[in-house]
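Below: one structure, written as structure tokens.
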Amino acid sequence: MRNINSWMMIVVLKLLIITNIFFWYRFERCITFCTCASTKPSLDTMNLKNRMPSINDYAFEPTGMWTMEPSGRIGNLIGQYATLYAFAKLHGHQAYILPRMHSALSKMFKIKLPVINQEVANRIPWKAFRIYNNWMSKEYYNISGEFVKLSGYPFSWTFYHHLRKEILKEFTFHDFIREESNAYLADIQGNKTNTTFIGIHVRRGDYVDIMQKSKRGVLASKEYLQKAMEYFRRKYKNPLFVVTSNGIDWCKLNINNSLGDVYFLGDGNEGSPAHDFALLVHCNHTIMTIGTFGLYAAYLAGGETIYLTNYTLPDFPRGTGFKYETVYLPEWIGIPANLSPLLKKD
């Protein structure tokens, strides 16, 4: 009998323990529910769309669709892509590129930004925003709109240089282009040691007529190129110069190759710039004249860059929205152009 009573007491105690645990569990859930239900939601949870965005949103949840109207050739397109990338990220939106930009750049680079179908793009009510000034103006920090189409010819480092590592990754060459460029450089190097490659881009082509007709600017002269090349000859033991141009015949007549350290590339065919551009980027340093082709070859190559500066008069018709200090990086070396022929005519 005593054993039965002991057994019954044990059962009752277990039931009491289980009941007590269940009671407190229900009580805690009730308190939590009541507290949540009675607490007024914060502004962020009530109205997510209307709250001020934070940097965390930009980093993890880009919204909307931003794109850039593609204009011009390879140099312009690189500047437009880089600016779109930086502006969309700054404002917390997803960047997309249009098919024409993708078609041109993807021939050379492992482009990562998504492409928007042209038919879809044609049906989107874009907010147009044109970039006039080639420096990071105040108005560019606060561009509103979920669906924005940028336009213009941006080519200022002030737009994207803070993202340089990311920009360089965006413009990664296809493996076969990289291999071809390195093979060419190895071929001209031959048995030479301690070689330093300097890429030279001489812009002529359409700018010959533009400068002549405007009479407000000049192109790079043979004296400028000689001075820039002498800088590298003095600094490096075995420099080799790789010249690309859309006026290669002029280059062969005006660039001194008496030392046998200059190599003229191709026939200056503007219809297939990928080979020329890739070779310039794979060089160690750059001598550029004018134009975005040479500008972005120098930017992607890194190293030292010598550029032609002060090559226009103040009233040059294409000088609006242009500042030398916001186009060329501060550490680059500028050699002033000789404007005396223009000044004598005035």
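The values are calculated or read from the model by the stated rules, or taken from the named source; none is laboratory data. Because the structure is a prediction, the values reported are computed rather than measured. Methodologically, a virtual Cβ is constructed for each residue, glycine included, from the backbone with ideal geometry; neighbour enumeration extends over all protein chains shown. Note: accessible area is taken over every heavy atom of the protein model, side chains too, but ligands, DNA and RNA are not part of it. Shrake-Rupley method; radii C 1.70, N 1.55, O 1.52, S 1.80 Å.
Across the stretch 132-192, Cα-Cα pairs farther apart than 18 Å form 61% of the total. Rolling a 1.4 Å probe over the protein heavy atoms gives the stretch 183-227 an accessible area of 51 Å² per residue. Need the full-extension length gain, residue 172 to residue 110, defined as separation in residues times 0.36 nm minus the C-alpha distance. One decimal, nm. My answer for the length gained is 21.8 nm. Antiparallel beta bridges, as assigned by DSSP with both residues in the stretch 193-346, represent about 5 percent of the total such bridges. In nm, to one decimal, how far is the modelled label at residue 179 from the one at residue 127, with both set 7 Å along Cα→Cβ? That separation, rounded to one decimal, is 4.7 nm. Between the C-alpha center of the stretch 64-110 and that of the stretch 121-165 there is a gap of 10 Å. Placing 146, 304 in order of accessible area, with the largest value first and a 1.4 Å probe, yields 146, 304. Pairwise Cα distances in the stretch 87-139 exceed 14 Å for 67 percent of all pairs. If R0 is 30 Å, the Cβ-Cβ spacing of residue 165 and residue 238 corresponds to a FRET efficiency of close to 0.50.
Once the dipole of the stretch 89-239 is set up with Lys and Arg at +1 and Asp and Glu at -1 on Cβ about the Cα centre, which of 210, 176, 228 lies farthest towards its positive end? In the stretch 89-239, that residue is 228. Qualifying chymotrypsin sites (Phe, Trp or Tyr not before Pro) in the stretch 121-172, where qualification requires a DSSP coil assignment and no more than 13 other C-beta atoms within 10 Å, comprise 132. Between residue 257 and residue 120, the contour length at 0.36 nm per residue exceeds the Cα-Cα span by 44.0 nm. Judged by the gyration tensor of its Cα atoms, with axes a ≥ b ≥ c, the stretch 99-214 is prolate; a/c meets the 1.5 cut and a/b is the larger of a/b and b/c. Residue 215 exposes around 100 Å² of accessible area when a 1.4 Å probe is run over every protein chain in place. The alpha carbon radius of gyration of the stretch 158-304, expressed as a multiple of 2.2 N^0.38 Å, is 1.06.
Figure note: 178, 73, 203, 234 ranked by solvent-accessible area, largest first, 1.4 Å probe, ligands and nucleic acids not counted: 234, 73, 178, 203. Extension gain, residue 324 to residue 188: 0.36 nm times the residue separation minus the Cα-Cα distance gives 45.5 nm. Would you kindly find the accessible area of residue 255, with a 1.4 Å probe and non-protein molecules such as ligands, DNA and RNA excluded, rounding to the nearest 10 Å²? Probe radius 1.4 Å; accessible area of residue 255 about 10 Å².
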